[in-house]
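Structure first, commentary second.
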């Protein structure tokens, strides 16, 4: 007989992983029904940044449970939900080139402290391995910072705090 009181309630969230060297993998990740950091469900970014070594992934084809080394996950893609759309963040438009040759054009929307509100400050945060990029087509990309080759911004002066 199992003791359900010791289980952390989780649900599956459909995502697409891009994994080195395997490529595109379709399936779902497990998210807590209650985030340990805020009211509401755990978000994919929280789960990835909290992952120490291996990400549990429920693969679609073939149907199997896999454990991916988090350092080999290049990016995660999923459709944006209402929880992903908030109105009080800075919208930092940027272009990223990844080490696999991918070129990503999107926006980073993050509430940052006024004294650390630049894109560079966000990218240099050492407590998070993944960043969240909003694509124009309503898809979210969670990108492993260790696979970013370079980031280009449209208005360099604005990023440096110049007027």
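When segment 86-99 is limited to residues that are modelled with pLDDT under 90 and part of a loop (DSSP other than H, G, I, E, B), the one that is farthest from residue 15 (Cα to Cα) turns out to be 88. Can you tell me which residue within segment 124-155, out of those that are closer than 14 Å to residue 49 by Cβ and part of a helix (DSSP H, G or I), is nearest to the chain's Cα centre (by Cα)? My answer is 145.
For residue 112, the conditions (1) at pLDDT below 95; (2) exposed (fewer than 13 other Cβ atoms within 10 Å of the Cβ); (3) within 26 Å of residue 41 (Cβ to Cβ) all hold with the exception of (2).
Of all residues in segment 117-157, those satisfying the criterion of being more than 16 Å from residue 105 (Cα to Cα) and in contact with a strand residue (DSSP E or B) (Cβ under 8 Å, 6 or more places away or on another chain) are 117, 122, 129, 130. Does at least one position in segment 71-80 carry a residue that is more than 18 Å from residue 133 (Cβ to Cβ) and in contact (Cβ under 8 Å) with a residue 12 or more places away in the chain? For segment 71-80, residues more than 18 Å from residue 133 (Cβ to Cβ) and in contact (Cβ under 8 Å) with a residue 12 or more places away in the chain: present. Would you be able to say whether some residue in segment 3-15 is out of contact with any strand residue (DSSP E or B) (no Cβ under 6 Å at 6 or more places or on another chain) and under 21 Å from residue 102 (Cβ atoms)? Checking segment 3-15: not a single residue is out of contact with any strand residue (DSSP E or B) (no Cβ under 6 Å at 6 or more places or on another chain) and under 21 Å from residue 102 (Cβ atoms). Looking across 61, 52, one residue alone is part of a loop (DSSP other than H, G, I, E, B), touching a helix residue (DSSP H, G or I) at 6+ places or on another chain (Cβ under 8 Å) and either surrounded by fewer than 14 Cβ atoms within 10 Å (Cβ to Cβ) or without any contact (Cβ under 8 Å) to a residue 40 or more places away in the chain (or both). It is 52. Considering 49, 90, the condition of being assigned by TED's automatic domain parsing to the domain that holds residue 146 and touching a strand residue (DSSP E or B) at 6+ places or on another chain (Cβ under 9 Å) is satisfied by 90 alone.
Of 96, 119, all but one fail to be out of contact with any helix residue (DSSP H, G or I) (no Cβ under 9 Å at 6 or more places or on another chain), surrounded by 15 or more Cβ atoms within 10 Å (Cβ to Cβ) and in contact (Cβ under 8 Å) with a residue 24 or more places away in the chain; the exception is 96. In this structure, does residue 83 turn out to be in contact (Cβ under 8 Å) with a residue 40 or more places away in the chain, under 28 Å from residue 27 (Cα atoms) and either in contact with a helix residue (DSSP H, G or I) (Cβ under 9 Å, 6 or more places away or on another chain) or in a loop (DSSP other than H, G, I, E, B) (or both)? When the stated conditions are applied, residue 83 does not pass them.
The values are calculated or read from the model by the stated rules, or taken from the named source; none is laboratory data. Fair warning: this is a prediction, and the values are worked out from it, not measured in the lab. Backbone-built Cβ (ideal geometry, glycine too); neighbour counts: all protein chains shown.
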